[in-house]
Amino acid sequence: MPTIALKAISKSYSKDGAKAVSDLDLEVVDGDFMCLLGPSGCGKTTTLRMIAGLENLTEGEITVGDRVVDAAHKGVFVPPEKREMGLVFQSYALWPHLTIEGNTDFGLRLRKVPKAEREERVTRVMKTLGIEQYRDRYPSQLSGGQQQRVALARMLAVNPEVLLLDEPLSNLDARLRLEMRTELKRIHSEFGTTIVFVTHDQWEAMTLATRIAVMNNGNLQQVGTPEDIYDRPANRFVAEFVGSPPINIVELGGGAGGALAEAANAFLDQQGTPRETVGSVGLRPESIRLARDKADLPADALSGSVRLTAILPTGGNWILELGIDGQKLHASTHVAPHWHAEEELFFHVASDAVHRFDPNGHRLPQSDASTTKVRKAG
Amino acid sequence: MTGARQTDPAGAVAESRLNRLNYKIRTAWREPTAIIGILLTIVFAYLIVVPIAALLYDSVEVQFGDERRAGAPEGGLTTYYFSRALFSPVAQDLFWQPLSHTLSISVGAIIISLSVGGVLAWLLGRTDLFARRWFATALIVPYMLPSWTFALAWRTLFKNREVGGQMGWFEAMGFPPPDWLAYGQVPITIILALHYTPFVILLFGNALRRFDSQLEDSARVLGAPPRTVARKIILPLMLPALMSATVLIFAKCLGEFGVSYVLGLPVDYDVLATSLFRSISSRQPGVAAVIAIAIMAIGIISLLIDARLVRESRKFVTVGGKGSMDRKNALGIFRLPATVFAGLIFLISVGLPLLVLTMSTVMRVPGNFALSNFTLDYWIGQDLEFVAFPTGILLTPDLWTAVWNTLTIVGFASVCSGMMGILVGYVVVRSQVKAVSVFLRQVTFFPYLVPGIAFAAAYLSLFAVPRGPIPALYGTSLILILALMADQMPYASRAGISAMMQLGKDPEEAAQVAGAGWFRRMISIVIPIQKGALVAGILLPFISGIRGLSLFVILAVPGTDVLTTFSLRLLDYNYTQAANSVVLIISAIAYFGTLAVQKMTKTNLADGLEG
């Protein structure tokens, strides 16, 4: 499949209104399972619809391979029905007046595929998705999960090079969702289809995607592998949006005080990082370790004393609520904690697990000391 | 070099602008939606905006023959018609008295129907009334029948020597009813009240049903006695529904023609609609235009008030909860009296009138119940002694002409407006050009604000004479079809818009992404899915068109008689039995038609009333 390139695309619905999508650059390459992730209203669905051709661009251009399919300033617009893509709607949008078979072979009929081949392809797709026995039923007679499969089958039948999915799992219950996630991963490898997937669910994004594009307020925040996004968030928005329980942010500078900020500042001093370059640091809950004895604290870690205020078991995991000078930290562990509530403890975070953000919230590179250490470790 | 460098960017900018324009045009106009939108805009501008503009203009333009009185040449501008209708010595008869009659009838009808309908709605919705389900349907019947059915029944019973022809039943039995009981304000008010009571039952009943019983329970738990709960919780929340019913009944009374014509005319009891009719029949188009404008203005104002109230009541929308008012109050010793009351209302508003009408068509002499007096001659007899009716009504060619006209005119108009309704819905929901969709939505709704009789007057003033390439249409079926279409558009376009909204964009976009072009999507996706809405959008206006009178009475001529105008003409010639038979035929079509549509589309009349 040729690469789909979004070049500085923008969309605004009114002349002076806020932009739903602004100045977005993104490349989707062959075999990608690209996920557009962001809170609701961030412009991810609009972006997907612009790729499909269901929304027009205000600025910018979209190319598929060498071919421009949409560009306001060049006056080019290829309508959705000519783009040869597949799109699965959040509502599934099955045609209520057609049977499952009618829904599935609609695209093939349009393409004037001969009957025998049509039959064969429809059967194959239905078998793959396990909906063959519902062939002659109508959509209203199927459950949500089955409808979802029909919506997928309908698009897969025409074998599109790109499959666009708009929050396709959000209407399913938890168990079905897990099942369909596996299904999607299988389809991705089996059909070799490039997939662009929209979701607000970080777990869905992390588990499915080969690459994630995080969006907020119509702006692209970061593109990268799930590991990139989680381990090296480009800014505070990404750091705070991805991860549950969310990352602990310690505000520094500008009058922010308290024992926690002092501990962070002491850590920065020790690392040789000038305090004024750092606006805040972020600590992932699972990177926070606890110790009873001050002697057990590693030398170059960010550390301090805390009180364990609550232990919240989530079944297999524990969330620990820590109080420090009126502020709260959340830690998580998958080992049963051997502390009790209201115990005075020490916490520490390894230096390479401390995320540093400048006063504008952008990520600062890891300090030399920790980078070298990581390299050595690698 | 410098010059080239300066022109180059300028050229590029111009080119880019051109491209952008091209892009805009391409994306906005690439599908027929936009072109259909433009066509619909032109059609409705002509069918709705232009007639009303013509009517407005008629009220200030000197008409043929009025040059001397208006003191200006024909075609000049004048305030003559306004001052004649509103301030001259005849203004009292032309406008002010009809206005006060209209208002007093409306107020009377509203008070009666609110109190009767309110009680019935409560009995039907919240109590253990006997035969509750049966009553719930039976008490709605008056709304399905033409209102002047009851006027004819009244006249058959209470007619006195004020009017010639056959005697009324009471008169024939030796008790000539006084004028006040036979004609004018009293009977008109009672009949309109009975006709609009179902309105209240439906609107108020719906509001009661939606009422969350938890609100009531909360008040009870806090210690409020039932009386306080009713006064402080239920009534305030029901107020918007009551107000809405009030305004709707008022707006309907405003354009009411048939009842006032049948029962008001004999004693010169004019309402605005009949005064307008008289002005038109006595060839005073200028004055007629002024009266039509007044009716229109009052109609618009009252419906704007209603819209305002509805918006206010949206504040209460949070009311919706899971609990509904399924709980029934036990009536105790009042159970039987309450049932008798409901039965009585049914008898007065449906049973008796229909019985009287039916009997009147099989009796030679009114009020004589001897077996020898009964005959089927008026239906199927031959060689009768009447001048114009040598045969029974069913054997009269005029009836079948009227039936044919009704079916073709109303049918054609309904099919057109139903299809246009779906198209309007499609364009309004899909159009990229916002102005088109806003215009279409509003213009197709506009006739709703204009009582049918005023609208008919507008059509008359536009199409009575040739205008531009369009010949004079008065006297043709086409003018009836066009006026009817415009009159039905509010319902048709609302049905279309809500059907398209409900469908949403997704199914169509899914087909688009799958590779289907516009026509393919229309034929394979949109129309098959909207089949039900289309059928309902054609049949419901058809049924209401069949029993409609006020539009036809102004625009129809004997050659284009429909059933309603035919029966009115028969009545004018005092062929009571024949007129009553025709009205019974209309009632039967309207009643069974409504039932059939409800069954077919699984909809409820109540749903159509709101929205």
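The values are calculated or read from the model by the stated rules, or taken from the named source; none is laboratory data. These numbers were taken from a predicted model, which means no experiment stands behind them. Using ideal geometry, Cβ is built from the backbone for each residue, glycine included, and neighbour counts are taken over all protein chains shown.
Here are a few things to note about the model shown:
- Exactly one residue out of B:Phe369, B:Phe446, B:Phe412, B:Phe439 is surrounded by fewer than 15 Cβ atoms within 10 Å (Cβ to Cβ) and more than 27 Å from B:Thr137 (Cβ to Cβ), and it is B:Phe369.
- Conditions (1) touching a residue at least 40 places away in the same chain (Cβ under 8 Å); (2) over 16 Å from A:Pro160 (Cβ atoms); number of the one not met by A:Arg111: (2)
- Restricting attention to the stretch B:479-525, the residues that are within 10 Å of chain A (Cβ to nearest Cβ) and part of a helix (DSSP H, G or I) total 14.
For every residue, the table says whether it meets (1) assigned to a strand (DSSP E or B); (2) surrounded by 15 or more Cβ atoms within 10 Å (Cβ to Cβ).
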position: A:Leu172; (1), (2): no, yes
position: A:Arg175; (1), (2): no, no
position: A:Met180; (1), (2): no, yes
position: A:Phe197; (1), (2): yes, yes
position: A:Thr207; (1), (2): no, yes
position: A:Pro233; (1), (2): no, yes
position: A:Ala239; (1), (2): no, yes
position: A:Ala266; (1), (2): no, no
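- Considering the stretch A:49-147, the qualifying strands (runs of 3 or more DSSP E), each wholly inside and each with 1 or more residues that are polar (S, T, N, Q), in contact with a strand residue (DSSP E or B) (Cβ under 9 Å, 6 or more places away or on another chain) and more than 8 Å from chain B (Cβ to nearest Cβ), run over A:59-64.
- Residues that are at pLDDT below 80 and assigned to a loop (DSSP other than H, G, I, E, B) within the stretch B:426-463 comprise B:Gln432, B:Val433, B:Val450, B:Pro451, listed in sequence order.
- Beta carbons closer than 6 Å, at least 6 apart along the sequence or on distinct chains, pair a first residue in the stretch B:186-214 that is within 27 Å of B:Leu265 (Cα to Cα) with a second that is polar (S, T, N, Q) for B:Ile188/B:Ser260; B:Ala193/B:Ser113; B:Leu194/B:Ser349; B:His195/B:Ser147; B:Tyr196/B:Ser113; B:Thr197/B:Ser113.
- Some residue of the stretch B:529-546 being within 14 Å of chain A (Cβ to nearest Cβ), of a type in the set (D, E, K, R) and free of Cβ contacts under 8 Å to residues at least 40 places away in the same chain: yes
- Those residues of the stretch A:1-18 which are within 16 Å of A:Ala72 (Cα to Cα) and not in a loop (DSSP other than H, G, I, E, B), in sequence order: A:Ala5, A:Leu6, A:Lys7, A:Ala8, A:Ile9, A:Ser10, A:Lys11, A:Ser12
- Within the stretch B:112-224, helices (runs of 4 or more DSSP H) holding 3 or more residues that are β-branched (Val, Ile, Thr) and at pLDDT 85 or above: B:185-210
- Any hit, the stretch A:91-106, residues being closer than 13 Å to B:Ala511 by Cβ and touching a residue at least 60 places away in the same chain (Cβ under 8 Å): yes
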